[in-house]
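These notes are about the structure you will find just below.
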Amino acid sequence: CNKEARQELEKDLADKQMGHHIDSKCYQLKNTSRGIHYYKGVERVDATVSVPETWARFTDNNIFRSQSARAASAKLRASTESLLMGTADEMWRQFSKVNDAFTSRITETANAKSKIQTHLAKTRQEIFQIETKIQVIQKTIRDKEVQLKVAQTRLDERTRRPNVELCRDAAQIRLVQEVNEINETLRNLHQCLRASEDMLQMLVRSKGVLEHDLVVKNNSLFIDQERCMGMRKSYPSTVQILGYV
């Protein structure tokens, strides 16, 4: 690997620098140089570990290994950079797809919110109309109850007519008809009142559901539009993705 090749080259360079320093020192030694001494028998000591051919081959081998390691490293860098570039392109495509999905979803949610607001406004208007109708029915019932009291009071008073005066005359017949008609009207009014109150309760429940759904849609829009898309306003450059900055 590159590290081992570098270490070998550094060691070889250090050795050669040391050897060059020693040879330079030897070259500069003269008869008048200081530090020259007798080293008896040193000529018989062979401390060499190489010959010129192996010495040169050792360095050549180190250089060759270094070149091979650098070539492999360059190939690996090229392969890695190609992979990173491909990854960067894929990340950009995914980034764009996610943004498109967010935009589409935000549009859908906004449209749904608009529909809810429209239905909510209509529901509130219907509630107002039903409440007004209930008030009218209740007033009509109260008015009819007064009319019923009058008619029944008249009938009751006429029961006190003496003897033959207790005649089933036209007035008596009409009063009885009036009471029956008022009772029938009151039954219909009470039935209409119950139906209106049931409708009001249904509309109130529907309004509650719509209001809750509107809150949910507003929250979803805030999360998608403000929070999520707010974090996706910028995209790192390819250079940043590759780690060059």
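Read-outs throughout are calculated quantities, based only on the coordinates presented, and are distinct from any laboratory measurement. No experiment lies behind these values; they were computed from the predicted model shown. Backbone-built Cβ (ideal geometry, glycine too); neighbour counts: all protein chains shown.
Details
- Between Tyr39 and Arg154, the contour length at 0.36 nm per residue exceeds the alpha carbon distance by 25.5 nm.
- Qualifying trypsin sites (Lys or Arg not before Pro) for the stretch 110-192 [loop in DSSP, other Cβ within 10 Å: at most 14]: Arg160, Arg168
- Count of Lys pairs (Cα-Cα under 30 Å; at least 8 positions apart or interchain) in the stretch 105-245: 20
- Residue list for the stretch 82-109, given a label point 7 angstrom along the Cα-to-Cβ vector of Asn219 and an amide N cut-off under 17 Å: 109
- Projected label points at Asn31 and Asn188, each 7 Å from Cα along the beta carbon direction, are separated by 15.3 nanometres.
- Given the alternatives (1) 45; (2) 50; (3) 77, percent of Cα pairs over 25 Å apart as computed for this entry is given by (3).
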